[in-house]
1. Which numbered condition trips up Ile106, out of (1) over 20 Å from Thr181 (Cα atoms); (2) not in a loop (DSSP other than H, G, I, E, B)?
2. With the condition kept exactly as written, say whether any residue in the stretch 398-405 is buried (at least 18 other Cβ atoms within 10 Å of the Cβ) and under 26 Å from Leu217 (Cβ atoms).
3. Mind listing whichever residues of the stretch 174-198 are within 16 Å of the ligand (Cβ to nearest atom) and either in contact with a strand residue (DSSP E or B) (Cβ under 7 Å, 6 or more places away or on another chain) or hydrophobic (A, V, I, L, M, F, W, C) (or both)?
4. Could you please give the count of residues in the stretch 214-233 that are among the aromatic types (Phe, Trp, Tyr), within 15 Å of the ligand (Cβ to nearest atom) and free of Cβ contacts under 8 Å to residues at least 12 places away in the same chain?
5. Pairs needed: first member in the stretch 194-213, over 7 Å from Gly414 (Cα atoms); second member anywhere, surrounded by fewer than 17 Cβ atoms within 10 Å (Cβ to Cβ) and of a type outside the set (Val, Ile, Thr); C-beta distance under 6 Å; at least 6 residues apart or different chains.
6. Within the stretch 346-363, is there a residue that is within 16 Å of the ligand (Cβ to nearest atom), in a strand (DSSP E or B) and in contact (Cβ under 8 Å) with a residue 12 or more places away in the chain?
7. Say we look at the stretch 53-93 and pick out the residues that are among the small types (Gly, Ala, Ser) and crowded, with 20+ Cβ neighbours inside 10 Å; which of these is nearest to Val121 (Cα to Cα)?
Amino acid sequence: MLGVDVDASKVEMLSRGEVPFYEPGLPEVLQRNLDSGRLHFTTDIAEAASFATVHFLGVGTPQKKGEYAADLRYVFSVVDELAASLTGSHLLIGKSTVPVGTSVEIIRRLKESGTEADISVAWNPEFLREGFAVADTLHPDRIVLGVDPEGDQDAVVAQVEEIYATILAEDTPFLRTDLATAELVKVSANAFLATKISFINAISEVCEAAGADVSTLADAIGYDQRIGRRFLNAGLGFGGGCLPKDIRAFMARAGELGADQALTFLREVDSINMRRRTAMVELATKACGGELLGSNIAVLGAAFKPESDDVRDSPALNVAGQLQLKGAAVSVYDPKAMDNSRKLFPTLGYADSAAQACELADVVLVLTEWAEFLELKPADLEPVMRGKVIVDGRRCLDPAVWMAAGWTYHGLGGTPRV
Ligand code: UGA
């Protein structure tokens, strides 16, 4: 196997067995494959073109600046470079999250490129979660493969089945689809997950107004297997490099196809989600006695979710930044995302531990539910803090523990009666 990236420093790190981001279990997998001599890395796409006959395409599709649509320039540049380098018979398997219609556009580009190679295109969306990438890859809950009706579909399916043979369990569903369906499966799944989170966050607004407890409500509705408890955790909402930009790109693409009305609800999903950040800033302000200027706030968590060092569109950092702009002194700590946070928000204050972030703090906010924050006890923070106020932005703490120790506990989405 040969991995290709344009970023030479990443290629060097990977070649040395270092993963350039935090992903549990991945360094071990990388090392095993380097040691066995099965895996190499390069920046040279022409080398990859001559090395393999099957090419996985997994480049980023970020949101375009100032627009909702996905930026496909990286996808097309790989396709154009491959087309120029390939000879013979090849299979190009897309894994990137793309607007529906992209693979057909790739096929058109390949035809127009005048390449001598015979290149089949298939689409095989990726469903892994950051933090669980290894387990999700090795034990997929389904494989979706979109194939080109004008190509030799059976041959393509057989080739992909062979590639995945070692990870496919007997009962792993393997769905063979057309290209458009495969592309749409991915964005629909992410849109559904985003909708589920915003649904429970919208309900949390009603719970808060009515004095009800959204966490118990989520448990209760989650027992209905048609609903399910997963992704019903109310709080600060979703961020990261996938859900926010994917729902926006999905809306943009539906609009281009003349089906914009179908997805107007996603605008509401997005707006409920962004409202959580405002609600968190308001709750933190209330916790500071109504005045941020002169308040010291400890922010625990910067990554967009636990088990990740990814701070792209991180709700936690967004809130920390807003609080600082409004006059608070903010000290942020995250177990894994400190370097990335410093790069993205260099003006925030940073600490080397949760206890250090809490030194002289009036209020502590838990904004990413890392396991080490769940284990914090009032007695750990009392010796260093100025106040005894905790705001639980992820509804992940036990309010009774904090209240019993004489703390004021606020939960985003309503404080349960204990
Ligand atoms: C998401 C999807 O879950 C993956 O299936 C998909 O493959 C991936 O995007 C992708 O498109 O590549 P990921 O971005 O790693 O995975 O993160 P999630 O676990 O989905 O969490 C997203 C956000 O939702 C996080 O900020 C998390 O804190 C938030 N969240 C999640 C909630 O606010 N409440 C929940 O109940 C669950």
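1. That leaves (1) as the condition not met.
2. Of the stretch 398-405, the ones buried (at least 18 other Cβ atoms within 10 Å of the Cβ) are 399, 402.
In the following step, the residues that additionally are under 26 Å from Leu217 (Cβ atoms) were identified as 399, 402.
Yes.
3. So the first thing to find is which residues in the stretch 174-198 are within 16 Å of the ligand (Cβ to nearest atom), and the list is 175, 182-198.
Within the stretch 174-198, Leu175, Ala182, Glu183, Leu184, Val185, Val187, Ala189, Ala191, Phe192, Leu193, Ala194, Ile197 meet the criteria.
4. Initial filter on the stretch 214-233 (among the aromatic types (Phe, Trp, Tyr)): 223, 231.
Still in the list and also within 15 Å of the ligand (Cβ to nearest atom): 231.
From what is left, the residues that are free of Cβ contacts under 8 Å to residues at least 12 places away in the same chain are none.
Final tally of qualifying residues: 0.
5. Once the first residue is over 7 Å from Gly414 (Cα atoms) and sits in the stretch 194-213, its partners that are surrounded by fewer than 17 Cβ atoms within 10 Å (Cβ to Cβ) and of a type outside the set (Val, Ile, Thr) give Lys196/Phe231; Ile197/Phe231.
6. Start the filter on the stretch 346-363 by keeping residues that are within 16 Å of the ligand (Cβ to nearest atom), which leaves none.
No - not one qualifying residue is present in the stretch 346-363.
7. Looking at the filtered set, the residue picked out is Ala83.
To keep it simple, each residue is scored yes or no on (1) within 14 Å of the ligand (Cβ to nearest atom); (2) within 9 Å of Leu367 (Cβ to Cβ).
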residue: Ala303; (1), (2): yes, no
residue: Asp309; (1), (2): yes, no
residue: Pro315; (1), (2): yes, yes
residue: Gly321; (1), (2): no, no
residue: Lys326; (1), (2): no, no
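Taken together, the values in this text are just the output of simple stated rules run on the coordinates, not laboratory data. Since this is a predicted model, take the numbers as computed values, not measurements. Note: ideal-geometry Cβ built from the backbone for every residue, glycine included; neighbour counts use all protein chains shown.
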